[in-house]
Structure formats: structure tokens, C-alpha cells
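Student: Supplied in C-alpha cells, the structure appears directly below.
The values are calculated or read from the model by the stated rules, or taken from the named source; none is laboratory data. On a predicted model such as this, the values are computed, not experimentally measured, just so you know. Glycine also receives a Cβ, built like all others from the backbone with ideal geometry; neighbour counts cover every protein chain displayed. The accessibility values were calculated without ligands, DNA or RNA, using every heavy atom of the protein model including side chains. Shrake-Rupley method; radii C 1.70, N 1.55, O 1.52, S 1.80 Å.
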Amino acid sequence: QKEVEQDPGPLSVPEGAIVSLNCTYSNSAFQYFMWYRQYSRKGPELLMYTYSSGNKEDGRFTAQVDKSSKYISLFIRDSQPSDSATYLCAMSAPLSGNTPLVFGKGTRLSVIA
Amino acid sequence: EAGVAQSPRYKIIEKRQSVAFWCNPISGHATLYWYQQILGQGPKLLIQFQNNGVVDDSQLPKDRFSAERLKGVDSTLKIQPAKLEDSAVYLCATLRGGDAFFGQGTRLTVV
């Protein structure tokens, strides 16, 4: 079993739809959970960053972490064509200092105008 | 604040040739990572530096890959000799707090 599982999609939705992206993980030591957005031919850029369980909202984006189920989600409200990108979940365990991020495969999202 | 700079952006080489990538991190960021991203996959860690020391290189194929970080600033990643399966985007990232900042990557094609 991979440490982080993410459905690669592709996912295609109409403009204005609510998008739900999800990842599951197996390492209970993960404490930091992140969502990155990656446009074609670009490096990943950080969207949301959550520590431990709970919800975090930033504009049209909401990140949820359920550590008991080892499940994280990213919701995008009122999706826009500019949201079309690959969304990568990433997580890390706080050991002795800066620990590397473990990424999911990424979900490719297309928002159709 | 300037971002993470990587060069070259694209590289095409024949198998068995050697290639080097360069990364100039964000000033003051002590932690530097090299990730390999194969098409359709998430980034996979190759090596992590803290200043100029290696913290984790357990997933670096050391028979062909090498990396160094001179004076705790710029870093280079080298592949010698390259194989077809090394075709990927090589991403450099640096860390501030819990946020990793990525460069645009070097897209390597091995033919």
C-alpha cells in the first residue's frame, strides 16, 4: 500500500460546480497536510496548509483533515476555468526538524466554461 | 521575495549521456529538496539537504545520481549515465516553516 493514495482523475466539471478532491494515507505519524496546485509545465504552488485535524477555509477553498479516518479533502466552491490544473495532496511527519513531503499522484481537474 | 530558480528548463539527451541541473534557492532557506516527478505522478523525493549537509538520500539511485550543495546555497543534481526511465521533471524546493516553495523544474527527456 502506498503511503498516500490519490485518485488521478481526470475530473471534468462545469464552471460554478463544487469540486471535491480527496486523499487517503496510511502513516499515522503525518501531522502536516498540504494541497498544492500545479499548472501545466510549472512547479507545484502551495494552496492550503493544515496542521493535524480540522477544517481550514481560504476564499473558495476549504481543506478538511480527518486523522481518525486518515482522509483529507479539498473543496473548491464556484469553480472557475482558471482552477483547471493538477491538484496534489502532500503530507509530512514532524520528526526532528524539517521532514520531506510525501505526495499523492495528483488529480487533474478541468473546469469547463 | 525571489522564488526558487532552476536551470535549464528543458534538456534532451541520449541514454548513457550525463546531465546536470542547477538550483538557486530562496535566500536564507536552509532546507533544500530535489524531487523527481514522472509524468502523471506526484513528486518523489530524491534528496534533502540541510544547509550543505545531506539529511536524507535514501531514495537517490546513487549508482547514477549525485547531488551537492555548495556553501549551503546553490545545489546541483547530476545523472551519469542517464537511462530512458530518468525522463521526468526534476523539481527543486526549499522550506520555510512548513511551506515548501518549488521551482518550475527541469524537464528531462532521455532518448
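Student: In this model, which of A:Lys2/B:Lys15; A:Lys67/B:Lys44; B:Lys15/B:Lys44; A:Lys56/B:Lys71; B:Lys11/B:Lys62 are farther than 32 Å apart at the alpha-carbon?
Tutor: Long pairs (Cα-Cα over 32 Å): A:Lys56/B:Lys71.
Student: Using a simple charge model, +1 on the beta-carbon of Lys and Arg, -1 on the beta-carbon of Asp and Glu, nothing else, what dipole does region A:44-113 show about its Cα centre, in debye to the nearest 20?
Tutor: Dipole magnitude for region A:44-113 comes out near 220 debye.
Student: Counting only protein heavy atoms and using a 1.4 Å probe, what share of the accessible area of chain B belongs to carbon plus sulfur, as a whole percent?
Tutor: Here carbon and sulfur together make up 50 percent of the probe-accessible area.
Student: Could you tell me which residue out of B:Gly28, A:Ser79, B:Thr109 lies farthest along the dipole of the protein assembly as shown toward its positive end? Charges go on the beta carbon: Lys and Arg +1, Asp and Glu -1, centred on the Cα centre.
Tutor: Looking along the dipole axis, the top candidate is B:Thr109.
Student: Work through the residues other than A:Ser53 whose Cβ is under 12 Å from its Cβ and net out their charges, Lys, Arg +1 and Asp, Glu -1.
Tutor: Its environment carries a net charge of +2.
Student: Roughly how big is chain B's charge dipole about its Cα centre, with Cβ charges of +1 (Lys, Arg) and -1 (Asp, Glu), in debye to the nearest 20?
Tutor: 300 debye
Student: Let me ask something else. Taking the Cα centre as origin and putting +1 on Lys and Arg beta-carbons and -1 on Asp and Glu beta-carbons, what dipole magnitude results for the protein assembly as shown, to the nearest 20 debye?
Tutor: 560 debye
Student: Further question: Which aspartates and glutamates, on any chain, are close to A:Lys42 with Cα under 15 Å apart, when same-chain ones fewer than 8 places away are left out?
Tutor: A:Asp83
Student: Bin by bin, in steps of 5 Å, what percent of the Cα pairs in the protein assembly as shown do you find, going until the bin that has the longest distance?
Tutor: Spelled out bin by bin, the protein assembly as shown gives 1, 7, 15, 18, 19, 17, 12, 7, 3, 1, 0 percent.
Student: Working from the pairwise distances between different alpha carbons, so that the mean of 1/r is found and then inverted, what is chain A's Kirkwood radius in Å?
Tutor: 14.2 Å
Student: Rolling a 1.4 angstrom probe over the protein heavy atoms, how many square angstrom per residue are accessible across chain A?
Tutor: Counting only protein heavy atoms, the per-residue value for chain A is 48 Å².
Student: Additional query: Could you give the spread of the C-alpha atoms of chain B along their three principal axes, from largest to smallest, in whole angstroms?
Tutor: Computed over the Cα atoms, the extents are 38, 24, 22 Å.
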